[in-house]
Amino acid sequence: MGATETSLNLIAPGIHEVRLPVPWEEEIVNCFLFNDGAQVDLLDCGIQTDASVAMVTAAIREVGGPQAKLRRLVITHIHPDHFGAAGALKAATGAELFMHRLEVPMVHPRYLELEQLIAEVGQNLRLNGVPEPEVSSLQNASRAMREFVQPGEPDVQLDGAETLELGGRRLRVEWTPGHSPGHVCLFDLDDRLLFAGDQILPDISTNIALHPQSTLNPLGEFLESLDRLLALEPALVLPAHGRPFPDAARRVARLHAHH
């Protein structure tokens, strides 16, 4: 795929999915554009590489036309494939950046002041019985991820339960901790579309881990979040990895059984 070639899928009137490459297992991250004429809003933004940012920029123009302007950028969580290009896009477009308040304090330690966090990860691994020869490789495993992130300062810190206007649609913020403390999903109140981020994936379970930046019981929070989303009775789940699927109840049941 060329640097500016886009892979756009129409999800519903005013909603497009853009599929962006990532250089690890999932290979693709799905981000979503909402437009009302030339005004375009974006959910997640891919990694920080010239090619990926060019694809996002081309998708914004394709959806919004020659006068397209990125108005709002909403982040489900701060992992590189969802947040990586936030700083570059905000600087280039002036878009307002939204993320959950619990994600905000994790940005600097993870991407700008990394050595302290790596030391804390090593200490945590030793306290939990990881053999010393494995500690070094494990604690440094995420160091390379910093190359794919240009952080952006949030303009709006979310708590959950807010209703955002994206494009011409109303989407409610659903706080779903577990994979990350401030992970959020968006729920389209009119068409019952659930933009699930990494919370409900069709083929794999998202990673749930105890680490220095996690909460005390991330797995319990993840399972509770699944049940709260299921109670919304979504008509279609739109995940960040994999393809959209309609049967949320079956997938949630399988995730519960797996864990």
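The values are calculated or read from the model by the stated rules, or taken from the named source; none is laboratory data. What you are looking at is a predicted structure, and each value in this text was computed from that prediction instead of being measured. Note that each Cβ is placed from the backbone with ideal geometry, even for glycine, and that neighbours are counted across all protein chains shown. Ligands, DNA and RNA are stripped out before the accessible areas are found, and what is left, the full protein with its side chains, is counted by its heavy atoms. Shrake-Rupley method; radii C 1.70, N 1.55, O 1.52, S 1.80 Å.
Annotations for the structure displayed:
- Odd one out for residue 258 among (1) touching a strand residue (DSSP E or B) at 6+ places or on another chain (Cβ under 6 Å); (2) open to solvent by 50 Å² or more (accessible area, probe 1.4 Å): (1)
- So residue 114, is it closer than 18 Å to residue 48 by Cβ, open to solvent by less than 30 Å² (accessible area, probe 1.4 Å) and at pLDDT below 90: yes
- Output for the stretch 20-45, where each listed residue is more than 15 Å from residue 98 (Cα to Cα), touching a helix residue (DSSP H, G or I) at 6+ places or on another chain (Cβ under 6 Å) and β-branched (Val, Ile, Thr): 22, 29
- Flag for residue 242 being surrounded by 14 or more Cβ atoms within 10 Å (Cβ to Cβ) and part of a loop (DSSP other than H, G, I, E, B): yes
- Condition met for residue 211 (out of contact with any strand residue (DSSP E or B) (no Cβ under 9 Å at 6 or more places or on another chain), in contact (Cβ under 8 Å) with a residue 12 or more places away in the chain, part of a loop (DSSP other than H, G, I, E, B) and open to solvent by 50 Å² or more (accessible area, probe 1.4 Å)): yes
- Test result for residue 165, over 17 Å from the mean Cα position of the chain (by Cα) and among the acidic types (Asp, Glu): yes
- For the stretch 70-101, filtering for residues that are open to solvent by 10 Å² or more (accessible area, probe 1.4 Å), within 25 Å of residue 200 (Cα to Cα) and not charged (D, E, K, R) leaves 3.
- Qualifying residues in the stretch 22-47 (those that are under 14 Å from the mean Cα position of the chain (by Cα) and not aliphatic (A, V, I, L, M)) - the one modelled with the lowest pLDDT: 26
- The residues of the stretch 177-203 that are over 16 Å from the mean Cα position of the chain (by Cα) and within 17 Å of residue 256 (Cβ to Cβ) amount to a single one, 203.
- Unmet criterion (only one of (1) of a type in the set (A, V, I, L, M, F, W, C); (2) at pLDDT 95 or above; (3) loosely packed, with under 13 Cβ neighbours inside 10 Å) for residue 104: (3)
- Meets criteria (touching a residue at least 12 places away in the same chain (Cβ under 8 Å) and over 23 Å from residue 28 (Cβ atoms)) for residue 218: yes
- Cβ pairs under 9 Å, 6+ apart, first in the stretch 162-189 and modelled with pLDDT under 95 and open to solvent by 30 Å² or more (accessible area, probe 1.4 Å), second part of a loop (DSSP other than H, G, I, E, B) and among the small types (Gly, Ala, Ser): 168/14; 168/37
- Given (1) within 20 Å of residue 34 (Cα to Cα); (2) outside any helix (DSSP H, G or I), index of the condition residue 92 fails: (2)
- Selection of first residues in the stretch 131-153 that are aliphatic (A, V, I, L, M) and of second residues that are buried (at least 17 other Cβ atoms within 10 Å of the Cβ), restricted to Cβ pairs under 6 Å at least 6 apart or on distinct chains, gives the following pairs, ordered by first then second residue: 135/122; 135/125; 138/125; 145/80; 149/48; 149/80; 149/84; 149/111.
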